[in-house]
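The values are calculated or read from the model by the stated rules, or taken from the named source; none is laboratory data. This structure is a prediction, so every number in the text was calculated from the model and none was measured. Cβ coordinates were reconstructed from backbone atoms using ideal geometry, including for glycine residues, and neighbour counts include every protein chain displayed.
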Amino acid sequence: MRKQLSINDTEQQIEPKKGMAIQELIVVEGKNDAQAIRRAFGPVDVIWTEGFGLTEEKLNLIAEMAVRRGVIVCTDPDFAGQKIRERILRRVPNARQVFLSRACAYNEKGDDLGLENVSPEEIRKAFAKVLGEKSLSPGTASKAQSDGEISMQDLLEHGLVGQAGSAGKRRALGKILGIGDTNAKQFLYRVNRFGLRKREFLEALASLPPENEEENKPI
């Protein structure tokens, strides 16, 4: 259940639940939990903590996303889940919290307790208790992202892809923007999902130290 951290796991494509769009980042414990969330809501953004493997780097990313878009914490209804939730809330006290009933979180055999066992209907019911109409309205996230969205062409024009020094430049810019060190595709995904606008993007670029000509040669 807990293999690695990911914001946009694309191994399994799931059709979105019509009429529901969640802008916030959802924090769960494991990969199977993320899949359960997407069965309920479609391809929303989910990050998993690898259980107690929650590092400072991951906490910093969650905290940054809380500022940019908001965060919803939904952990397993057990002792471990509560401890993980408490640690996140110490760093992100304004995070929204979704609580699941233990009764609906057991598997059919009754020997495993976790979010991954909860039905899509029960997950939606639990989220409905903390999400208002604004968060669940159709296209809320899409509208926010389309306003001043950054494109791959922007990355090309500013030397963030396709040049010898592109990886280093992305790494430096990612540190300034708080989105981590990623490849070009994930960089583009994160700047838009973090709600960054071109003005912020260009200001961050302007703050980078000058590059030498060797780093700017195409590869």
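If you go through segment 38-71 and keep only what is touching a strand residue (DSSP E or B) at 6+ places or on another chain (Cβ under 9 Å) and in a helix (DSSP H, G or I), you end up with Arg38, Phe41, Lys58, Leu61, Ile62, Ala63, Met65, Ala66, Arg68. Pairs meeting the criteria (first residue in segment 89-109 and at positive phi and small (Gly, Ala, Ser), second residue assigned to a loop (DSSP other than H, G, I, E, B) and surrounded by 14 or more Cβ atoms within 10 Å (Cβ to Cβ), beta carbons under 7 Å, at least 6 apart or on different chains) are lacking.
The rows are residues; the columns are (1) in a loop (DSSP other than H, G, I, E, B); (2) over 20 Å from Gly178 (Cα atoms); (3) at pLDDT 95 or above.
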| site | (1), (2), (3) |
| --- | --- |
| Ile84 | no, yes, yes |
| Pro93 | yes, no, no |
| Leu100 | yes, yes, no |
| Gly110 | yes, yes, no |
| Lys125 | no, yes, no |
| Val130 | yes, yes, no |
| Gln145 | no, no, no |
| Glu149 | yes, no, no |
| Leu155 | no, no, no |
